[in-house]
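The values are calculated or read from the model by the stated rules, or taken from the named source; none is laboratory data. Source: prediction; values computed, not measured. Here Cβ is always computed from backbone atoms with ideal geometry, including for glycine, and neighbour counts include all displayed protein chains. Calculation scope for accessible area: heavy atoms of the full protein, side chains included, ligands and nucleic acids excluded. Shrake-Rupley method; radii C 1.70, N 1.55, O 1.52, S 1.80 Å.
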Amino acid sequence: MPMVIQAGLWGLLSGSALVLGALIGTFVKLPQRVIAAVMAFGAGVLISALSFDLMDEAYRTGGIASTSLGFLAGAAVYTGANIVVTRRGAKHRKRSGTAPDARQPSHDQEGSGLAIALGALLDGIPESIVIGVSLLAGQGVSLVAVAAVFLSNLPERLSSAAGMRRAGRSRAYIFGIWGGIALASGIAALLGYAVFAETGPATIAFVTAVAAGAILAMLADTMVPEAFETAHEYAGLITVAGFLAAFTLSRVLGG
């Protein structure tokens, strides 16, 4: 099977957690503390993945200059794009709470549906591109990256889907959003491989670090507030558990 197709399939696999999380968030009524705990665990998973896999790999591939520039660029681009979609109605798009300051916009708020869709795309694409780029080393896909994206996608979408239901969104809308983003994840991974296949180490390092910067900015802006809002007494411990799980996985799979 051509490597570019493999990249797309791995991205689609990691993106399937979006639909699974949406299923749970839509049909299973979970307590807020459980949702917050799952989000904290997912945040820990991503922090470990971007620290020991993305940033470390970027540094070893292209050096500190490309890695630093990419990391800052990723955070800046994500922050700018996030400001735009937030002001257009995607505020608290990953939140599941009912408090006025932690509630997703109502389904009848003009433009909020499109903004939430764009925000979801913004959150998920950097992770998927990394999966495609990881194949460029010629040693197969990074199973650590796939597992980390899958494990983090599940709680993110569980929380977001629960919040969408509380905001009055229909099931068709919820599954349309997450099914579409899952498909986009596969396409992004495919493009990550195809677009950067002929580029040098510095470019690959830059792209990997861009994704890491965007993911860290997303964590600070969306996942961490949701985790600490309800499970603040235990959120730190649960986040550490997620970090340790991903770190252990990376050492086992990475050798």
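Quick rundown of the values:
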quantity: 1.4 Å probe accessible area per residue over region 170-255, in Å²; calculated: 46 Å²
quantity: Under the Karplus curve 6.51 cos²θ - 1.76 cosθ + 1.60, θ = phi - 60°, whole-Hz ³J(HN,Hα) for region 38-47, x wherever Gly or Pro sits; calculated: 5, 5, 4, 4, x, 5, x, 4, 5, 4
quantity: Among 27-34, 9-16, 161-168, 71-78, the order from most to least packed when residues are scored by Cβ within 10 Å on average; calculated: 9-16, 161-168, 71-78, 27-34
quantity: Summed residue charge, Cβ within 11 Å of S250's Cβ, Lys/Arg positive, Asp/Glu negative; calculated: -2
